[in-house]
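Single-structure report; data block below.
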Amino acid sequence: MNTGNSRKRSAAATPSPQQQQKHHAVMEEEDLDEDVFLEETLLQYEEDSQVLRELEESNAIKERLQKWKRPSLSQAYIAQTQSISFQQLEIDYIIAESHKELLPNSSGQAAILRIFGVTKEGNSVCCHVHGFEPYFYISCPPGMGPDDISRFHQILEGRMREANRNSHAPKFVRRIEVVQKRSIMYYQQQASQSFLKIVVALPTMVTSCRGILDRGIQIDGLGMKSFLTYESNVLFALRFMIDCNIVGGNWIEVPAGKYKKAARNLSYCQLEFDCLYSDLISHSPEGEFSKMAPFRILSFDIECAGRKGHFPEPTQDPVIQVANLVTLQGQDQPLIRNVMTLKSCSPIVGVDIMSFDTEKEVLRAWRDLIREVDPDIIIGYNICNFDLPYLIRRAEVLGMAEFPVLGRIRNSRVRVKDATFSSRQHGTRESKEITIEGRVQFDLFQAVQRDYKLSSYSLNSVSAHFLNEQKEDVHHSIISDLQNGNAETRRRLAVYCLKDAYLPQRLLDKLMFIYNYVEMARVTGVPISFLLSRGQSIKVLSQLLRKAKQKNLVIPNAKQAGSEQGTFEGATVLEARAGFYEKPIATLDFASLYPSIMMAYNLCYCTLVTPEEVRKLNLPPECVNKTPSGETFVKSTLQKGILPEILEELLTARKRAKADLKEATDPRVKAVLDGRQLALKISANSVYGFTGATVGQLPCLEISSSVTSYGRQMIEHTKKLVEDKFTVLGGYEHNAEVIYGDTDSVMVQFGVPTVEEAMKLGREAADYISGTFIKPIKLEFEKIYYPYLLISKKRYAGLLWTNPDKHDKMDAKGIETVRRDNCLLVKNLVTECLYKILVDRDVPGAVQYVKNTISDLLLNRMDLSLLVITKGLTKTGDDYEVKTAHVELAERMRKRDAATAPSIGDRVPYVIIKAAKGAKAYEKSEDPIYVLENNIPIDPQYYLENQISKPLLRIFEPILKNASRELLHGDHTRSIAVPTPSNSGIMRFAKKQLTCIGCKTPLSGSDQTICKHCKGREAELYCRSVANVAELENLFGKLWTQCQECQGSLHQDVLCTSRDCPIFYRRKKAQKDMAEAKTQLDRWNF
Amino acid sequence: MEKNLLHRKQSLYQSLDANFGIQKEVYRGQQYSQIYFARLHLMRTLLYSLIPNWKPHLPVCTVLGLEEGKDCIIVGTLYKHMRLKPSILDEYSKERSVSPLVQRHNFTHLDDNLVLEDESGRVKLSGCLLPSTYVTGNIIALHGKETSAGEFLVEDVLEAGLPQQIERPIQLGEDKYVVFISGLSVGRSSSNPLQFQLLVDHITGHLGDEKEQNIAAQIVQVVIAGNSVEVPHGLLNGQNLGSKDQSRLFEPIKELDILLTQIAASIPLDIMPGSSDPANFSLPQQPLHRCLFPGSSAYNTFRSCTNPHCFELDNIRFLGTSGQNIDDLGKYSEANNNIDFMERTLRWRHLAPTAPNTLGQNLLPCYTWKFL
């Protein structure tokens, strides 16, 4: 923007700040627009200001970007002779003048829906849908005639005008119609009653109109009256989707002749047109239409040059590199690999490198790339909370008003606002909500956090977990050094940056996020963007609304009532008879228990009968079910519930998807089907939660408490039947015993010694008991645990068998293998013990292993990396109310060396060290590297008591008598070794003297190695010294070559400082130990 | 009874181990990259000097300078991606597999592929280069061109090849023998002290008739090439040992010393450390300490040597290792027999090409030792 800009500035004669901003808005538009649109845009937005133009400067870069354009439009599209079919990914709406040609009869502002999508040829589509109006219902007061309605209309219009004084809308309430509908709430005998459908001009008016009606409205003849509104909380875009039968991510077709090419393109899409909502054809995702369009996925990552000791801040620290990877959906290899760097960068094979002299150019090039490549989905790791806000804020700081036009709409800037997302399931999370029009953002960090429970969510550990790969981690203090080096060091950084952009794409593929999320959107009918930004309830609501529409039902907006309804009793857990079972344990599972209960007993909003109604209606007992929690529901003979119907459809669809999956051969089709059956399962299970969510959209605790009460009853019933039938008296060899029961499963010990017999009895029991339940409740026999270690409720481990020949795997629940705040030692110890106990059947071996480990710990022979505890630093010390170990340590490290100290957002690893008596726990934390370098003794007692003792005792108590005495206080705990720290105060006064390697006697001469008494053991002692060196050399070699391998280069030093990597500390320690051991070995060279 | 007195033949011995010795060097955080870097520079200079005789018409490029479709020569270090290569990270894998891991003897796999790296970057190789022959660490020159997929299509390969041969001294008439022994494994449960004693007696000429003794008299040098003792591994875990265990640890070494003393008393003896000996792990292994051999080290015929070991006898040069380099090649590449592997090390002009990637190598600056 250099030359062109300055020239224009002088001509524009110092415009006012406000104007200036407008200039920018147009400026950015020009650099990619074709001339055709220019004039009109200018007339529209910039009538009186000078035209500013960037000329030659961005042309070069544009040319390079050109080759990545989308495939050009086919002739049929240009001639408009072909119907347009596309897979939609995003639907939103804007307020604009209504379309004069399509809607000749209406005028003024209207909501216009925009559907963004991709055709199967890969052309981008922006479809403006006209004529769909926002509306909601209220129940019609009895005795209201047509005249009353028009009067009511006038009053409402008046009140609306009062409430929206600033609005210039010619009309607020467009019309009021009488419709025959029925409320979904409670069983009603009459088929329908009158409702008023209130159609308003703009979507925002729904809320304001609802407010007026909620509060009450004075109507002549009827007095002050407040109304309960129906379906007034449905988002406009969702309303549109429901009414047009559009589900998230499906294919939409607009027939030729029904669409009009826009006179003036508002977007950057290749196909932009207007049409009426009634002309849309929505295809259900079957057959040809279950496929995915080749949409473009951009994965990117930025690097910033932070200052020493600070986390990068957009106000000060420049963006130095942006790596971009564009992949076409369904392809294995990326289409584009690109890095944009500030300052020169040596080439990388197979990667397109663009280097720039100024940061502004980097940012502008990135914006141009977005516009040319036109991605449909933008992914990355933590892009929503870091990369995107950083780029936008940085552009603001640099005064690049033209930067944040990243969406598909011309002139429209990306909007950033703070958002909190809270749900029962995921807790409350703060995040930034960034709206990039027409492009879906998919932050892998959020998605993984949502769908998987992991001990750490750093990109490194997530990719280690799913891709089995360690990622090189370059500390941000080194990034600046690399940037300030030469083209080679920047290339190094670029390689690293590219990898960070590549990993999210690999995760996306590996975890099949695209398939699973698109299928989830199709099953539940919500737009894809809702799946990440909203909770479970919107998905159920969407299905409920769709079903209700079919059934001519309306859903009340009963949010307020929810909070007072209180809580209800949860699921039952049969008491666990803790112990170590060495006979096969059969597990009987209820298949989708809660959904099947709702189906079996016809539990729904519309089948619930209130207590008064029960008395009033006097329903015959054979037509109703009274639930164990005391509620009454009618049976399906009188009224079929719509929740059961939804569930039935979901489960049937799942069965079908599973059957299709078996037959499918194409891996892509398989992926779609697998995603679908998973989505169907999740959806079916979330219906119950929806009715129980007290702050949800439509809570109905009568339903949820009935479901759980039935569930409890069933578990108890199963237990009773099993223990009654399978007895010696009943002709079986042993008495069966139920040892534990969870929400939907029961564990039975039939007493038989082999897996095969237990399986036979398990099947028999499942069939027998299933016969006593109402369909579709079904008890299934799935697996055998043998042996089985039951610790307490929700905590158990066992070997899982599904066929009698070979066990499938070791299964552990609720046992410390994944807890985040434990050190690795706990996990290793627990896993190893379980393995020894369950697989090897070697309890003494497990005990010995524990003893050896504890002894190693006390003798200071433990690998330090196993002892590291890691916590994220989210706030500074002053903000925490209680002092915590990791925050205190961060403070201390800052005092030591501000450059390498962890800053906010970093994870702080620490170990607990021996400190003065009475020191607080938080004072005993120390940096593992510092500990290694200075020989600081760790506190084995802390690890023994606070980390490993509890999990160990839990495992061993059912097996061993006196487990605590045996394991934690035996002989093996008597001998300890504590190293002398090399930096403590006392050491300054100490005089160093060599000691005999054999017996530690101080030696007088400095050239001696051993004392005269040990002379005879010379060879033995030497063997030990040299064996130590040999072992360390071996370890060192393995560790460092692994790091070289990760780094992907043989000729460059390893820089990685990833503290999440399990071998980081080991590598450091091996390095130091080897140096020490060699020094000791050198003493022998006399 | 007077017999013909047999005189053991003599020869002139000169040790060339100086290259492999490490003297008082302190480790200061060096990394392996320096080894590769130095190796690449030395070998590249060599390869560059060969290229004019190989394909003089082709330009020589760096990995970065590759242009699509253009024939050229690149020189760099090979890196072999191996699916089965054991990694220390496996220790941390989430799920312990139910079936115990089978210890493999060979880690090659059909999916292995090669990458060529120089200081400027890496490029994936395709074409006529057989991944099973090469290992990570080979430095070679390749003729080929970059394909549209960003790979380098190899058409021809140039290895460093055999060096200029040392002129062989012409000797007439006199036969002399050098005895190489390895894998004595004194202390292993299966080792039989009688057999060893028999060997010693044979070498020292205490066995057989005159004819046999005649042969024994022609032996001028004995070289023990590694794995002489086997110390019970469990005893060396850093814990203090009881006196019984101390003797168990020391016993095999003492036994070895007794036998070596017998040899050293009559003939020059070189002993090299091997993988099971009480020596350091990384190559070059340093000589076994004299304190281990209080008896034999009293003789000046006894020499404790490095591994690899290099010496000249009557101007004939010997160079050898205790075999770790060849064993490791056997794990990470394929050949018909060990002789092939040994031949390859000569052609590559690198004694231990897999070091330091899969074979331990000392980081201390002694790069030059590996180049023949």
Specify whether the C-alpha gyration tensor of the stretch A:126-195 places it in the rounded, prolate or oblate class, a ≥ b ≥ c being the square roots of the eigenvalues: rounded for a/c under 1.5, otherwise prolate if a/b is larger than b/c and oblate if not.
oblate
Per residue, the convex hull volume that the Cα atoms of the stretch B:146-234 enclose (Å³)
237
Need one value for B:288-298: mean number of C-beta atoms belonging to other chains within 10 Å of its residues' C-beta atoms.
3
Across all directions of projection, what mean area in square nanometres is found for the Cα convex hull of the stretch A:135-241?
7.4
In order through the stretch A:150-167: 3J(HN,Hα) via Karplus (6.51 cos²θ - 1.76 cosθ + 1.60), integer Hz, x for Gly, Pro:
5, 5, 4, 4, 4, 4, 4, 4, x, 5, 5, 4, 4, 6, 10, 5, 6, 7
Spacing of the two label points (7 Å from each Cα toward its C-beta) at A:GLU780 and A:GLN316, in nm
5.8
Amide H of A:ALA576 versus every other amide H placed in the peptide plane: which residues, excluding those fewer than 5 positions away on the same chain, fall under 5 Å?
A:LYS793
Expected integer from the mean partner chain Cβ neighbour count at 10 Å over B:144-152 is 1
Partner chain coverage, peptide B:31-42 - average Cβ within 10 angstrom:
4
Convert each backbone phi in the stretch A:130-141 into a coupling constant with the Karplus relation 6.51 cos²θ - 1.76 cosθ + 1.60 (shift: θ = phi - 60°), then list the ³J(HN,Hα) values in order as whole Hz, x for Gly and Pro.
10, x, 8, 10, x, 7, 7, 10, 10, 6, 7, x
For the pair A:LYS809 and A:GLU723, what calculated FRET efficiency results from E = 1/(1 + (r/R0)^6), where r is the Cβ-Cβ distance and R0 = 22 Å, to the nearest 0.05?
0.15
Placing each pseudo-label 7 Å from Cα in the direction of the beta carbon, A:ARG307 and B:LYS70 end up separated by a distance in nanometres of 4.5
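For the protein assembly as shown, what mean projected area does the convex hull of the alpha carbons give, in nm²? The partial results should precede the final answer.
Working: hull surface 285.1 nm².
The directionally averaged projection comes out at 71.3 nm².
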Binned at 10 Å from zero, the C-alpha pair distances of the stretch A:185-285 give percents of 11, 27, 30, 18, 11, 2
Modelled label-to-label distance, A:ILE281 and B:LYS176, 7 Å Cα→beta-carbon offset: nm?
9.8
Amide H partners (placed H, <5 Å) of A:GLY248, local residues excluded
A:GLY525, A:VAL526
Add +1 for every Lys or Arg and -1 for every Asp or Glu among the other residues with Cβ under 13 Å from the Cβ of B:PRO287, and state the total.
-1
Which parts of the stretch A:169-199 would a label at A:HIS153 reach, counting a residue when its backbone N lies under 11 Å from a point 7 Å out along Cα-to-Cβ?
A:173-178, A:199
Calculated diffusion of the stretch A:816-973, Stokes-Einstein form, Kirkwood radius summed over Cα pairs, 20 °C and 1.002 mPa s, µm²/s:
127
Note, ³J(HN,Hα) from phi for the stretch B:146-156, Karplus 6.51, -1.76, 1.60, rounded to Hz, x at Gly and Pro:
6, 8, 5, 7, x, 8, 10, 7, 7, 10, 8
From the helices alone, meaning DSSP H stretches of at least four residues, give me the mean residue ellipticity at 222 nm for chain A, per-run term -39500 (n - 2.57), in deg cm²/dmol to the nearest 500.
-12000 deg cm²/dmol
Rounded if a/c under 1.5, otherwise prolate or oblate - the stretch A:296-525, Cα gyration tensor axes:
rounded
Checking the a/c ratio against 1.5 first, then a/b against b/c, what shape does the Cα gyration tensor give for the stretch A:696-853?
oblate
Under 5 Å between amide hydrogens, which residues at least 5 positions from B:GLY127 or on another chain qualify, with H placed 1.01 Å from N in the peptide plane?
B:VAL154
Counting Lys and Arg as +1 and Asp and Glu as -1, each charge on the Cβ, what is the dipole of the protein assembly as shown about the Cα centre in debye, to the nearest 20?
2920
Over 28 Å (Cα to Cα) - which of A:LYS539/A:LYS809; A:LYS725/A:LYS778; A:LYS719/A:LYS851; A:LYS510/A:LYS681; A:LYS120/A:LYS549 fall in this group
A:LYS539/A:LYS809; A:LYS719/A:LYS851; A:LYS120/A:LYS549
Cα centroid distance between the stretch A:158-226 and the stretch A:317-337, in Å?
50
If you find the alpha carbon centre of the stretch A:841-858 and of the stretch A:368-423, how far apart are they in angstrom?
55
Pairwise FRET efficiency - A:ALA921 versus A:SER792, Cβ, R0 = 35 Å, nearest 0.05:
0.85
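Take peptides A:594-602, A:840-848, A:792-800, B:314-322 and line them up by average Cβ neighbours within 10 Å, highest first, as a rough protection proxy. Don't skip to the end; give the middle numbers.
Values: A:594-602: 24.6, A:840-848: 14.8, A:792-800: 20.0, B:314-322: 16.8.
Ranking the peptides A:594-602, A:840-848, A:792-800, B:314-322 by packing returns A:594-602, A:792-800, B:314-322, A:840-848.
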On the formula 1/(1 + (r/R0)^6), with r taken between the Cβ atoms of A:LYS1015 and B:LEU110 and R0 of 45 Å, the FRET efficiency rounded to 0.05 is 0.20
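Values in this text are rule-based calculations from the coordinates and carry no lab data. These figures come from a predicted structure and were not determined experimentally. Here the Cβ is made from the backbone with ideal geometry for all residues, glycine too, and neighbour counts use every protein chain on show.
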